[in-house]
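Q: Handing you this structure, nothing more for now.
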Amino acid sequence: WLLRGQRERHDRVLARDGQQGRMHGGLLVQYAALFRERRFLLILPAIVTPGFINTGIFFHQVPLIEARGWSLAWFAGSFSVYAGASILGTLISGYLVDRLRALRLMPFYILPLGVACVVLAFGGDPMTAPLFMALAGFGTGCSATVTTSMWAEVYGVARLGTIRSVAATLMVLSTAAAPGALGVLIDLGVSFSALFLGCAAFVAFATALLFVAVGGELRKTRD
């Protein structure tokens, strides 16, 4: 009953935003066209970063704890902080998306994860663990809300399924690659501090690419 007239309203939104045209061609043609889009490629590093970093750190938590001299029970208990911060990040970012639009939040949403990596790189006190979890969890919560809204704002809804499927696939692949990639570096003798600083540097790099990718859209929203 509440959705009466939804199809007509949706068609009007598509017509207003100029999104009636869809991608032409078969499956491979559509995906190939997507990977030729400069803006999409600029956004992708930020999309895969949270899954890669979080999975890599959590997978190698035992050698990390041993290197820091922390208790395994203490680190495991800190995951409750991660869960709570993730919920908080989801709720706050959802409210801000409605107020400011996802595009304005996009260049900043992975910065909490970068700060978390810096904290983990230099922190030796046991309180570093829950602080890291709070920052990483908050960034993860923001990521879930901001990126979903951002795809619709930047590309519209006509290609939303295609774009989301590619992004989700690459996120899964990066998550799967993280344990092996970081494991090789650990076996080569790279310190955890160096690993986490490298992760923070990549977050900064991905953030810079986001500013390039959505900078034009941000100027339009200001105008």
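Q: Any idea of the accessible area per residue across segment 60-109, 1.4 Å probe, to the nearest Å²?
A: 54 Å²
Q: Something else now. Work out Dmax and Rg for segment 64-141 from the C-alpha atoms and quote the Rg first, both in angstrom.
A: Spelled out, the Cα radius of gyration and Dmax of segment 64-141 are 14.0, 44 Å.
Q: Between ALA176 and ARG39, what is the spin-label point distance in nm, taking each point 7 Å from the Cα along the Cα→C-beta axis?
A: Label-label distance for ALA176 and ARG39, simple model: 3.0 nm.
Q: Using only alpha carbon positions, build the gyration tensor of segment 88-218, then give the equivalent ellipsoid semi-axes as the square roots of 5 times its eigenvalues, largest first, whole angstrom.
A: Square roots of five times the eigenvalues give 29, 18, 13 Å.
Q: Taking the Cα centre of the chain as origin, work out the dipole magnitude from +1 charges on Lys and Arg Cβ and -1 charges on Asp and Glu Cβ, in debye rounded to 20.
A: Computed charge dipole of the chain: roughly 1000 debye.
Q: Now, a different point. Among LEU120, LEU111, LEU185, determine the one that fluctuates most according to a GNM of the chain built with springs between C-alpha atoms less than 10 Å apart.
A: Answer for the Gaussian network model of the chain: LEU185.
Q: Okay, next question. Please flag any cysteine in the chain that has no other cysteine's Cβ under 4.7 angstrom from its own Cβ.
A: CYS142
Q: Please list log₁₀ I(q)/I(0) at q = 0.20 Å⁻¹ for segment 110-164, using the Debye equation with identical point scatterers on the alpha-carbon positions.
A: The Debye formula, applied to the Cα set alone, gives -0.69.
Q: Along the charge dipole of the chain, which of ILE43, VAL203, TRP1 sits closest to the positive end, that is, farthest toward it, with unit charges on the beta carbon of Lys, Arg, Asp and Glu (+1, +1, -1, -1)?
A: It is TRP1, whose Cα lies furthest towards the positive end.
Q: What's the carbon and sulfur percent of segment 30-112's accessible surface, probe 1.4 angstrom, rounded to a whole number?
A: 68 percent
Q: Given +1 on the Cβ of Lys and Arg, -1 on the Cβ of Asp and Glu, and no further charges, what dipole in debye does segment 109-223 carry about its Cα centre, rounded to the nearest 20?
A: So the magnitude is around 360 debye.
Q: Which FRET efficiency, nearest 0.05, do ASP11 and ILE92 yield, Cβ-Cβ r, R0 41 Å?
A: Efficiency at R0 = 41 Å is approximately 0.80.
Q: Then there is this: To the nearest whole percent, what portion of all C-alpha pairs in the chain is separated by more than 22 angstrom?
A: Taking all Cα-Cα pairs of the chain, the fraction more than 22 Å apart is 56 percent.
Q: If the elastic network links every pair of Cα atoms under 10 Å, which of PHE108, PHE35, PHE132 fluctuates the most in the Gaussian network model of the chain?
A: Maximum fluctuation in the GNM of the chain, among the listed residues, is at PHE35.
Q: Among SER93, PHE132, VAL190, flag the residue with its Cα farthest along the positive direction of the charge dipole of segment 76-199, charges on Cβ as +1 for Lys/Arg and -1 for Asp/Glu.
A: Positive-end residue among those listed: SER93.
The values are calculated or read from the model by the stated rules, or taken from the named source; none is laboratory data. None of the values given here were measured: they were computed from a predicted structure. Neighbour counts run over all protein chains shown; Cβ positions are idealised from the backbone, glycine included. Accessible surface areas use protein heavy atoms only, side chains included; no ligands, DNA or RNA. Shrake-Rupley method; radii C 1.70, N 1.55, O 1.52, S 1.80 Å.
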